[in-house]
Amino acid sequence: MSVEEEKDVVVASETVPVVTLDGEAETGLIAWTREEERALVRKFDWRITPFMVITFIFNQVDRSIIANARLKGLQADLGMTDVDYATSISILFIGYISMAAPGTLCLHSIKSPKWFFLFVISIWGAISACTGAVQNSAQIIGCRFCLGFAEATLYPGAVYYLSRFYTAKEIGMRISLLNIGTNLSSGIGSLIAAGILDRMQGLHGLSAWRWLFIIEGGVTIALGLLAPILLFDYPAESKALSEREGYIAQARLIAERGVAENAGDDKTMSAAWQGFKLALADPVTYCFFLAYFFFIDALGYQIYQPSIIKSFGFSTTVTLVMVFPTACMQTLSVLVIAYFSDRLQKRWIFTVGSLAATLIGYIIFMATSVSAIGPRYFALFICSIGFSTGPIILAWVTQSTVYPPAKRAATIGLVNGFANLGQIPSSYYFQGIWAPAYRISMGIETVMLFMAAFFLTILMLVLRRRNQAMDRGEKDMIIPSEAALVVGEEAIRTNDAGEREEHVRKAWRYAL
């Protein structure tokens, strides 16, 4: 083998256990080339990423469609007050938080995640379509609760699913690619809504806003049917990967994390419950939750962005079209910032820096008069940069809870689920009595920005202290240990967990 070829070979730093398709564990020294690894990652990207991005577009469209429907008479037709409308927005997140963690643990526990995604996507699409038949405020509030319950698993589940395929230097960008769907949804949804609301009023005796729910819900159901075709099962079980690809997919994560995804972690509900308890016992979980909660609360203006732009004096159609450029700005910011955060493996500076940019946007918006349409619209562009914080926080979560996988699933579900409580108070920040200036609204959001930055800083300091403890050779509760494993002593001895623990303590550190 030439020198160049030797440099191109990656060898796991120790003997690692991988699992074959028939479920048998094999142990050996795994070697592969850089090109093999790049080809495998490209395979993941071509199959997983496009489907997930499109799914996230329709997820957010179905979630925020109510804002566009409001512009065409939904609130008046259903006899809703401003408080009723705000409740119909916030109630979705009550359903969301009740299922986010349990749903993600279910995804961890099942053998074939692609069928899980089929079920979840199709159910929420059906609920969204049924919303087109509501007749009063109570019915739409009920539909919105069910919608939140049904779609709760998608985001945390997708993040956990990606963590089973991608390394720490890859996952931030992939989560950000998922957020392309989230960020573009407001723009794409507005363009779709502009066509439907403008052309379908009264068709077959239905209001245009009803057609909006029916059509977009139907498209979501059709999308869900593609999940079993495009998505992979986990590397240890996937028949869409060759045996060698499955080995490499597992071994490269073991080389990074020091433990196998399957080692000491079965698929029973008792293992899932143990992972849930480990997540609750870790103070870092609460730091992530509070930081993410205030981040979501601080950018709650997005759901009201069509109403904010319409207050500039534009027609409904022009308003919906003008939402799209700000969505493009969100997308560009998320991708660029995630790229550098992954490349440099720095999380705190990029999250807090993004929030600082949003702060500048809020200040510009509050400091300008209602008639200053240009500066106010520009301020919304600057505010969009802050959305880069979300995917970086979730990438940070996956890096900070490497083992056991059940704990990672529980932590992602808890952080994402309960942090979405932040959208409940933010649903009430942009009431009609504060329009069109919205200075009080933006002032409240500014306070939330400072709170998010505060808890991100606390989180960084806690993780830095843990890294210092590991440098001194002290045990850390996140590192795999006999107390943290969710299997018996015999399995621990068989998998040689003691050596893996020593390896991780020397090589693995929390990202800061």
Say whether the condition of being under 23 Å from R347 (Cα atoms), of a type in the set (S, T, Y) and out of contact with any Pro (no Cβ under 6 Å at 6 or more places or on another chain) is met by at least one residue in the stretch 403-411. yes
Within the stretch 298-337, the count of residues that are small (G, A, S), part of a helix (DSSP H, G or I) and within 17 Å of F430 (Cα to Cα) comes to 3
Test: residue in the stretch 41-52 that is over 28 Å from K407 (Cα atoms), over 15 Å from the mean Cα position of the chain (by Cα) and acidic (D, E): no
Quick one: N179 ticks every box in (1) at pLDDT 85 or above; (2) of a type outside the set (V, I, T); (3) out of contact with any Cys (no Cβ under 9 Å at 6 or more places or on another chain) bar one, so which box is it? (1)
Of the listed residues (L359, L394, L320, L335), the one being surrounded by 15 or more Cβ atoms within 10 Å (Cβ to Cβ) and modelled with pLDDT of 90 or more is L359
Filter the stretch 195-228 for residues that are surrounded by fewer than 17 Cβ atoms within 10 Å (Cβ to Cβ) and assigned to a loop (DSSP other than H, G, I, E, B); the one that is farthest from the chain's Cα centre (by Cα) is G202
Give me the pairs: first residue in the stretch 412-431 and more than 21 Å from A395 (Cβ to Cβ), second residue hydroxyl-bearing (S, T, Y) and outside any helix (DSSP H, G or I), beta-carbon distance under 7 Å, and six or more apart or on different chains, which are they? F430/Y438
Among helices (runs of 4 or more DSSP H) lying entirely in the stretch 73-173, which contain 2 or more residues that are over 24 Å from the mean Cα position of the chain (by Cα) and at pLDDT 85 or above? 137-151
Within the stretch 401-512, which helices (runs of 4 or more DSSP H) (wholly inside it) include 2 or more residues that are among the hydroxyl-bearing types (S, T, Y) and either more than 16 Å from Y292 (Cα to Cα) or modelled with pLDDT of 85 or more (or both)? 439-471
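The values are calculated or read from the model by the stated rules, or taken from the named source; none is laboratory data. Predicted model, so just to flag it, every value in this text is computed and none were measured. Backbone-built Cβ (ideal geometry, glycine too); neighbour counts: all protein chains shown.
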